[in-house]
Amino acid sequence: MDLLDGNTGCTMEPLTQIRAELKARANEEIREKTKRFFKETVNSYGLRNPEVTKLTKVHNQTIKAMAKEEVFRLCEELWRSGMMEESLVACHWCYAKRKDYRPEDFSTFERWIEQYVSNWASCDTFCNHSVGGFLESYPAFLSRLDPWTASSNRWMRRAAAVSLVVPARRGEFLDEVLHLADLLLMDHDDLVQKGYGWMLKEASRTHPNEIFAFVMERKATMPRTALRYAIEKIPPERRKEAMKK
């Protein structure tokens, strides 16, 4: 019999099961190693990302069969835990319902980033896939990323860029990519610089001339961290030219 949340009527069985599985596989050695990849404090069971992904796939059919609203309530509980692996499960389960995304979901995604995202791994996993997938379905919402670039929350600012990483890799939204990169150009945070540099790098796969021109016009003021990321896929002779001071 499914376990039900008394307040929502939402089945909690997948949540109960995944938490039990994560705790059963907790590894102190991996937990300590994980800390080295983050500047901020990260709460972790001690599982590698591929193992978390594998565990979520076991529940995929159950999650896909559930109503989106039920899945989003499970995701809310996972995000609220503050555990990195649970946040990654939330990312995967949310993305599993991408065919059911509707315009009103943007506000939910925005709130999750603002309230719960606290490290680059959760930020990138959620934004690359769920937010990026939403924007591909509803490009009218691209302008809603602009205010994120001015947020005091570093993860909101990084999210503005990394939400376009996958579409940019496909050659989509070039104007928006360049616009957001301009808004974030002088951001002081290296994780934000790396985020928009990554977005530009992915765009350079299909638009190398446009990205090279963008970098060359701004290289005198563009932080070197962002510049190095942006030109990583550009031909060597052009990279050398872009790196000249």
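The values are calculated or read from the model by the stated rules, or taken from the named source; none is laboratory data. Note that the structure is predicted; figures quoted are calculated from it, not measured. Neighbour counts run over all protein chains shown; Cβ positions are idealised from the backbone, glycine included. Accessible surface is based on the protein model in full, side chains and every heavy atom, while ligands, DNA and RNA are left aside. Shrake-Rupley method; radii C 1.70, N 1.55, O 1.52, S 1.80 Å.
Determine the relative contact order of the chain: mean sequence separation of Cα pairs under 8 Å and six or more apart, normalised by residue count, in whole percent.
The normalised contact order for the chain reaches 11 percent.
Describe numerically, in nm with one decimal, the distance between label points set 7 Å from Cα along Cα→Cβ at Glu77 and at Lys64.
My value for the distance between the label points is 2.3 nm.
If I take every Cα pair under 8 Å that is 6 or more residues apart in region 146-202, average their sequence separation and divide by the length, what percent do I get for the relative contact order?
Reported relative contact order: 42 percent.
Largest first, how would Glu69, Glu76, Glu51 line up by accessible area (1.4 Å probe)?
Largest accessible area first, the residues go Glu69, Glu51, Glu76.
Need one word for region 104-245: rounded, prolate or oblate. Basis is the Cα gyration tensor (sqrt eigenvalues a ≥ b ≥ c); a/c below 1.5 gives rounded, then a/b vs b/c decides.
prolate
On the accessible surface of the chain, probed at 1.4 Å, how many percent belong to carbon and sulfur atoms?
Of all accessible area on the chain, carbon and sulfur atoms account for 49 percent.
May I ask for the net charge around Tyr138, where only other residues with Cβ less than 11 Å from the Cβ of Tyr138 are counted and Lys, Arg are +1 while Asp, Glu are -1?
Around Tyr138, the surrounding residues sum to -1.
What distance in nm separates the two pseudo spin-label positions at Gln17 and Asp175, each 7 Å out from Cα along the beta-carbon direction?
Calculated label separation equals 4.7 nm.
Sorting check: for 229-241, 24-36, 163-175, which peptide has the highest mean count of neighbouring beta carbons within 10 Å, and how do the rest follow?
Result, highest mean Cβ count within 10 Å first: 163-175, 229-241, 24-36.
Show that you can apply the helix-only estimate: for the chain, add -39,500 (n - 2.57) for every DSSP H stretch of four or more residues, divide by all residues, and state [θ] at 222 nm to the nearest 500.
Calculated at 222 nm, the ellipticity per residue is -17500 deg cm²/dmol.
How large is the accessible surface per residue of the chain, computed with a 1.4 Å probe and reported in Å² as a whole number?
I get 49 Å² per residue for this part.
If one takes the longest principal axis of the Cα atoms in the chain, at what angle in degrees, from 0 to 90 and to the nearest 10, does the Cα axis of helix 49-58 lie?
In the chain, helix 49-58 runs at an angle near 50 degrees to the longest axis.
Work out the charge dipole of the chain with +1 on the Cβ of Lys and Arg and -1 on the Cβ of Asp and Glu about the Cα centre, then indicate which of Ile234, Pro14, Ser130 is farthest towards its positive end.
Value: Ile234.
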